[in-house]
Structure formats: C-alpha cells, structure tokens
Amino acid sequence: MQKELQEFFSRRSVRWALCAFAAVLILLLTLDAGIALGERHAYQRLSRSRTMGSMMPPPPGLMDGGFGFLPHGFMQEEHGAVGTITGLSLPTITVETRSGESEVVRVATSTMINGGPATSTDSLAVGQKVIVIGEPDEDEGGVGARLIRILPY
C-alpha cells in the first residue's frame with residue numbers, strides 16, 4: 001500500500017494537480033483576507049466620519065476575528081438603494097434605482113448624510129445620485145435609511 005501511494009504521488013500529473021490546488025487555495029485565502037480587511041477599513045472610516053449620534057455597531061460578522069466565507073458584503077443582511085433622487089418630500093425621498101424601479105426611503109433624524117456641502121437633509125435635492133444603506137421599513141415598505149451618501153456628478 002505504501003509503495004502504491006509513493007508511485008501515485010511521484011507521478012508528474014498528480015504533483016501538478018496538487019500544486020494547482022494549493023495555488024488556488026492560497027489565492028482564495030488571500031482574496032478573502034483582502035475583502036475582510038477592506039470591510040474593516042471601510043467600517044472604521046465610516047465610524048470616524050459619523051457626525052451625528054453615537055458610533056454605529058459593526059455589521060454582523062465584521063469584527064468576529066475570522067475571515068468568514070466568500071463573498072462578504074459591507075452591510076450584510078441590510079437593504080438600500082443606488083440611484084437618482086426623483087422625489088423629495090421629507091421625511092421620505094423617492095430614489096429611482098439603476099434598474100428603473102422606484103424605492104421609497106425614509107429619512108430619520110439619526111440618518112447620516114455625507115458627500116454633500118452639508119451633512120443634513122438640506123443637502124438633498126432632486127436629481128442627485130445617491131447610495132442609501134439602511135433597513136427594511138416593515139410598517140410602510142421601502143427602506144429606513146441609516147446612511148445616505150451623495151455621489152459627485
């Protein structure tokens with residue numbers, strides 16, 4: 001049995017297959033580590049830039065000390081919208097997403113707004129491109145915004 005295993009592992013094709021498997025495994029672990037570190041860096045930058053209220057709790061799985069499993073999402077189990085503001089009637093805004101759907105976004109006093117000239121609802125305007133991150137609004141539908149990032153034109 002030992003001789004058969006030695007012969008098997010001494011074959012050139014088996015050694016190449018093992019080397020290729022090891023290379024792919026190292027590549028995946030490197031990518032996973034990069035994603036985890038990037039998420040942590042983004043969370044820390046977001047927490048430092050927060051001007052209203054207390055620091056946000058980390059997203060689930062971000063600060064668990066492990067790399068987790070591919071793929072990671074910055075705000076896991078959260079909801080949001082990316083698109084253009086088409087309606088502004090505070091405390092709600094309507095965002096037309098890139099797919100052409102309308103998403104109702106509820107803005108609260110605790111919602112962090114950044115990327116504009118001011119960090120308040122005064123900096124929101126129809127026609128602006130935004131990224132909204134928040135939680136589903138179970139009562140009225142749509143998204144309860146935690147962060148609204150105004151994108152440059």
Q. Does E135 meet the test of being surrounded by 15 or more Cβ atoms within 10 Å (Cβ to Cβ) and among the acidic types (D, E)?
A. yes
Q: Check region 17-35 and report whether any residue there is surrounded by 14 or more Cβ atoms within 10 Å (Cβ to Cβ) and either modelled with pLDDT of 50 or more or under 19 Å from G115 (Cβ atoms) (or both).
A: yes
Q: Kindly provide the set of residues from region 97-140 that are of a type in the set (G, A, S), under 22 Å from the mean Cα position of the chain (by Cα) and either under 10 Å from A81 (Cα atoms) or not in a loop (DSSP other than H, G, I, E, B) (or both), ordered by number.
A: S102, G134
Q: Say whether the condition of being within 27 Å of E39 (Cβ to Cβ) and at pLDDT 90 or above is met by at least one residue in region 94-105.
A: yes
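Residue-wise test of (1) in contact with a Pro (Cβ under 9 Å, 6 or more places away or on another chain); (2) at pLDDT 85 or above.
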{"site": "G115", "(1), (2)": "yes, no"}
{"site": "A118", "(1), (2)": "no, no"}
{"site": "A125", "(1), (2)": "no, yes"}
{"site": "I131", "(1), (2)": "no, yes"}
{"site": "E135", "(1), (2)": "no, yes"}
{"site": "G144", "(1), (2)": "yes, yes"}
(Q) Just the residues that are exposed (fewer than 10 other Cβ atoms within 10 Å of the Cβ) and under 43 Å from the mean Cα position of the chain (by Cα), please, taken from region 4-16. (A) S13
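The values are calculated or read from the model by the stated rules, or taken from the named source; none is laboratory data. Predicted model, so just to flag it, every value in this text is computed and none were measured. As a convention, Cβ positions derive from the backbone with ideal geometry for all residues, glycine included, and neighbour counts pool all protein chains shown.
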